[in-house]
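Visitor: Below is a structure I'd like to ask you about.
Please treat every number below as a calculation from the coordinates, not as lab data. A quick note: this is a predicted structure, and the numbers were derived from the prediction, not measured. Neighbour counts run over all protein chains shown; Cβ positions are idealised from the backbone, glycine included.
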Amino acid sequence: MSSNITRPMAKGSNRVENGVLLTPPPRNVGNKEHFQRMNHLYQLAMWHTISGNDGGEQALARLYAKNMDLVSKRTRAEMLPQLKRTICKKCHRILVPKKTMRVQMNSGSLQLVCSCGSVRNFPIHSNRGYHCHAERDENLISI
């Protein structure tokens, strides 16, 4: 018998000469409704943070941000690092410069000081072209 037997292939898969099966990455996300809900909660929290000056608006914005965090944890839908960086882990406030946080530079690191007192440090590297794994173009999937 010949070793070149062809078998039916699965739809969308390709076979390479050395026997490795390659499948194209998925083009859609499984938890689309959860991501849409988290997006809506983030937009509401940002709008109430920017527009509201009284304590009620700020409390409502913090509630929306906390609900977004709970949705991401319960559904195991990970938030992008860009979104995580804009939310205080202690009080769940949306971090807006000169409104809910102060920006400081100390010894090669950027410090974001929330109005609740928590501090987040981001090191400033000499490599300006560095992007984390989630920010690289080849790793992004459209929803």
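Visitor: Could you pull out the pairs from Lys32/Lys73; Lys73/Lys99; Lys66/Lys99; Lys32/Lys90; Lys73/Lys98 whose alpha carbons sit more than 21 Å apart here?
Guide: Those over the limit are Lys73/Lys99; Lys32/Lys90; Lys73/Lys98.
Visitor: Provide the FRET efficiency to the nearest 0.05 for the Asn31-Gln82 pair, computing r from the beta carbons and using R0 = 30 Å.
Guide: Computed FRET efficiency for Asn31 and Gln82 comes out at 0.95.
Visitor: Can you give the Rg to Rh ratio for region 29-138, taking only C-alpha atoms and Rh from Kirkwood?
Guide: Across region 29-138, the Cα-based Rg/Rh ratio is 1.00.
Visitor: Shifting gears a bit: Expressed in nm to one decimal, what extension gain is obtained for the pair Ser126 and Lys90 from 0.36 nm per residue of sequence separation less their Cα-Cα distance?
Guide: Extending this stretch completely gives an extra 10.0 nm.
Visitor: HN-Hα J couplings of region 98-106 from phi, Karplus 6.51/-1.76/1.60, θ = phi - 60°, integer Hz, Gly and Pro as x?
Guide: Working through the residues one at a time gives 6, 10, 10, 8, 10, 10, 10, 10, 9 Hz.
Visitor: If I model a spin label as a point 7 Å beyond the Cα along the Cα-Cβ vector, how far apart are those points for Leu60 and Glu135 in nm?
Guide: Spacing of the two 7 Å Cα→Cβ label points: 3.3 nm.
Visitor: Can you tell me the relative contact order of region 29-138? Whole percent, Cα pairs under 8 Å, sequence separation 6 or more.
Guide: About 17 percent, as a whole number.
Visitor: Of the listed peptides 128-136, 88-96, 73-81, what is their order by residue-averaged count of other C-beta atoms within 10 Å, with the highest listed first?
Guide: 88-96, 73-81, 128-136
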